[in-house]
Amino acid sequence: MSSRFVSRYSRRQFLKTSLAALSSTSLAGCGWTLAEVRSDRPQTSNSNELRIYTWSNYIDETLLKEFTAQTGVRVIADTYDSNDVMLATFQAGKGVAYSVVYPSDYAIAKMLDLKLLAALDKSRISGLENILGKFQNSIYDPGNRHHVPVSWGTTGLIYNSEKLNPAPEDWDYLWQNRNTLSRKMTLLSEPREVLGASLRAQGFSYNTTNPAELRKAYEKLADLKPAIATFTTDAWRDQLLAGDLLLAMGYSIDGVLVAQENPNMKYVVPKSGSSLWTDAMVIPKTAPNPEAAYAWINYMLQPAVAAQVTERLFFATPNQAAFDQLSTDLRDNQALFPPDSVVERCENLKPLPQKSEELIEKYWTKLTSS
Amino acid sequence: MSSPASTSPSESTVSKDLATPRWLEPFALLGPAGIWLGLMLVIPALLIFELSLVPGIRPGEVVNPSGLENYFQIFREDVYRQVVWRSLGFALGTTAICLALGFPVAYFIAQMVPKKWRNLVLVGFVLPLWTSSLLRSYAWITILRPTGVLNSFLTSLGLPALDILNRPPAVFIGMSYSLLPYMVLILYASLEKLDRRLLEAAADLGANPLQSFWKVTVPQSLPGIAAGCLLVFITGLGDFIDPELLGGASSMTMARLIYNQFLGVTRNWGFGSALSMMIVLAVSLAIALLLKYGDRSSANL
């Protein structure tokens, strides 16, 4: 160290600055970004291969085979069972493999927030005009610039109509009939849906950020808890059909499937309203094969394809032209296509600020552990 | 590097002839496993430890370790303590059940089954491990539900039906069923080497069967018992599926809580990492205790 340098900087000052410099470089060194999805990745994928990441309800062998027959592109489909799992695995690095993903509404908003989604080139998509007007402008993605809706539905109650008389009509039913339903009902294993139902039963919004309202929702659920058999999204089906459960909270898509197996099982959207969901197709910025992704979206938008898939897999298409091709049975199925009066009472789940999410997580842990 | 004094002359000439340094051999043999362990275990564990020092980190954020806040959170709130106790309870209970059920079975296979049948019986016992654990849990739902296999059987005998599904007993049943084969395998390995002459000597000297069991058989198989219990305990602590599917509305365990931190609404990877480190710590502690006291008791023999 030269004497001139020392004279200009006192030793203490030097120590301070060098420490600062050292700590900032070391922090920069270990300050790596957790699970960053890079978008500058060179696109090296084989053009004859399309990987999609979707819910298991939305695909079957026939669909994939017909697409390959039409376009010559081979499809590899991976499935997930919750948006949060999809998002976490996507961010953990698995995302770069996929050219099409099927997030639900608030997951679209989260992915937009994280800048993971490519803006769609609408000139390369045909058939968008068939999508019903109410699905043309999502609150999560104004103008649908990044997604194409593929399915929609509600959350509600699936019940055994033989054994439950009078039939449930609203969320209140769970509390009023807790003795009949004791240990014979399940709720979803989804914090926002379950807390939301309790919020709605008390006249609050699914998307409240008010801690007092969230607390009331938790307390009401804690009160019901001894009567709840378990929280599960999937494991209730056999038990409901076997008569061990009388009621399960579930998605309309599951309600319709169970009703197909046993007509005594009915699906109802609670009167005071429930949550409304849409699942959509998006193309990530990191998509290795956007060409094939557009081909897939166009294929799914073909009215004939959308109608066939609806007939086969029982999910509600937002595609008017496809709807018109459905059998009358399916078109009149109110569980699958609820009338507008019902839809109006339902809410979309909006993304919440981190504080509220943490609160919900905490209440959820409390609810499932005490 | 100087060669150790114990090296025999012939060995040292061989190594001189090949002109390879002495450290190369163990290095070459242990290297691949070492690299594997380093890359797949040590480095990830260190990364998780680093993440556990960042309060509330989510994917996409910069990792800047800043303190033990995540660990304090575990102990500050009653909920998390409850979850920790429940996990320990499930794991310990399962270990006890597996030991109680597994010991007689392992003893039977090792000492009473004719030698030529032994392997077949063992394979038969381990066979359930080949099916998916998810499938096994769903099978238990079918068996335990109110009108399921078990209760149909009980009512046909005129016995009252049991309401076990979605309660802790169901978790114990599911977990014990999954982990019993591990216990039996390990106990079998240790009981097979049982010195029968000692049992005969005990009988000659007037010990009744119960005395010779506690004073001769158990001490001889103690290392096996300890290893089996440890394996079942550790695996039980991490079990995710059985509590989730069989345990009902109040069955949150550490494993599920960690899962929720990583894949749930909040995606709080920092807190999840802290919880993971707590499990690693608990397991390390169990192993350390075993090494310390397990050895002493076998030395007492």
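Among the residues of the stretch B:236-259, what is the count of those that are facing another protein chain (nearest Cβ under 9 Å) and under 19 Å from B:Glu69 (Cα atoms)?
Selection size over the stretch B:236-259: 1.
If a residue has to be more than 7 Å from every other protein chain (Cβ to nearest Cβ) and either open to solvent by 40 Å² or more (accessible area, probe 1.4 Å) or charged (D, E, K, R) (or both) to count, how many in the stretch B:55-64 make the cut? Spell out the reasoning first.
Taking the stretch B:55-64 as the starting set, the residues that turn out to be more than 7 Å from every other protein chain (Cβ to nearest Cβ) are B:55-56, B:58.
With either open to solvent by 40 Å² or more (accessible area, probe 1.4 Å) or charged (D, E, K, R) (or both) added as a condition, the list becomes B:55, B:58.
Counting residues in the stretch B:55-64 that are more than 7 Å from every other protein chain (Cβ to nearest Cβ) and either open to solvent by 40 Å² or more (accessible area, probe 1.4 Å) or charged (D, E, K, R) (or both) gives 2.
Determine the pairs where a residue that is closer than 16 Å to A:Asp340 by Cβ, located within the stretch A:124-141, has a partner that is assigned to a helix (DSSP H, G or I) with Cβ atoms under 7 Å apart, the partner being 6 or more residues away or on another chain.
Matching pairs, first to second residue: A:Leu132/A:Gln320; A:Gln136/A:Asn144.
Of these, A:Ile253, A:Ile228, which one is hydrophobic (A, V, I, L, M, F, W, C) and within 14 Å of chain B (Cβ to nearest Cβ)?
On the way: A:Ile253 fails: within 14 Å of chain B (Cβ to nearest Cβ).
Among A:Ile253, A:Ile228, only A:Ile228 is hydrophobic (A, V, I, L, M, F, W, C) and within 14 Å of chain B (Cβ to nearest Cβ).
Go through (1) open to solvent by 60 Å² or more (accessible area, probe 1.4 Å); (2) β-branched (Val, Ile, Thr); (3) at pLDDT below 90 and name the single condition B:Val126 misses.
(1)
Scan the stretch A:80-99 for residues that are facing chain B (nearest Cβ under 8 Å) and open to solvent by less than 10 Å² (accessible area, probe 1.4 Å) and jot them down.
A:Leu87, A:Ala88, A:Gln91
Consider the stretch A:48-79. How many of its residues are of a type in the set (Val, Ile, Thr), open to solvent by less than 60 Å² (accessible area, probe 1.4 Å) and within 23 Å of A:Ala107 (Cβ to Cβ)?
5
So which helices (runs of 4 or more DSSP H) are wholly in the stretch A:142-224 and hold at least 2 residues that are without any contact (Cβ under 8 Å) to a residue 12 or more places away in the chain? Write out each step before concluding.
On the way: elements: A:172-176, A:178-181, A:191-201, A:211-224.
Fully inside the stretch A:142-224 and qualifying: A:211-224.
So which residues in the stretch B:268-282 are out of contact with any Phe, Trp or Tyr (no Cβ under 7 Å at 6 or more places or on another chain) and open to solvent by 10 Å² or more (accessible area, probe 1.4 Å), if there are any at all? Break it down into steps so the answer makes sense when it comes.
Just the residues of the stretch B:268-282 that are out of contact with any Phe, Trp or Tyr (no Cβ under 7 Å at 6 or more places or on another chain), to begin with: B:268, B:270-271, B:273, B:275-276, B:278-282.
Hits for the stretch B:268-282 are B:Asn268, B:Ser276, B:Met278, B:Ile279, B:Val280, B:Leu281, B:Ala282.
Is there a residue in the stretch A:357-370 that is more than 14 Å from chain B (Cβ to nearest Cβ), modelled with pLDDT under 90 and closer than 30 Å to A:Thr208 by Cβ? Talk me through it step by step, then tell me what you get.
Quick first cut of the stretch A:357-370, residues more than 14 Å from chain B (Cβ to nearest Cβ) only: none.
No: zero hits.
If a residue counts only when it is crowded, with 18+ Cβ neighbours inside 10 Å, which helices (runs of 4 or more DSSP H) contained entirely in the stretch A:243-358 have at least 2 such residues? First the steps, then the outcome.
Details: elements: A:252-261, A:290-301, A:303-313, A:320-324, A:328-331, A:340-344.
The helices (runs of 4 or more DSSP H) meeting that bar are A:252-261, A:290-301, A:303-313, A:320-324.
Does the stretch B:177-195 contain at least one residue that is assigned to a loop (DSSP other than H, G, I, E, B), at pLDDT 90 or above and more than 23 Å from B:Val123 (Cα to Cα)?
Scanning the stretch B:177-195 turns up no residue that is assigned to a loop (DSSP other than H, G, I, E, B), at pLDDT 90 or above and more than 23 Å from B:Val123 (Cα to Cα).
So, in the stretch B:151-176, exactly how many residues are among the small types (Gly, Ala, Ser), within 14 Å of chain A (Cβ to nearest Cβ) and part of a loop (DSSP other than H, G, I, E, B)? If you could, list the steps in order and put the result at the bottom.
Filtering the stretch B:151-176 for residues among the small types (Gly, Ala, Ser) gives B:152, B:156, B:158, B:161, B:170, B:174, B:176.
Going one step further and asking which of them are within 14 Å of chain A (Cβ to nearest Cβ), we end up with B:152, B:161, B:170, B:174.
Now restrict to residues that are part of a loop (DSSP other than H, G, I, E, B): B:161.
So the answer is 1.
The values are calculated or read from the model by the stated rules, or taken from the named source; none is laboratory data. Nothing here was measured: the structure is a model prediction, and the numbers come from that model. Ideal geometry is used to build each Cβ from the backbone, glycine not excepted, and the neighbour counts take in all protein chains shown. Just so you know, the surface numbers come from the protein's heavy atoms only, side chains and all, with ligands and any DNA or RNA stripped out. Shrake-Rupley method; radii C 1.70, N 1.55, O 1.52, S 1.80 Å.
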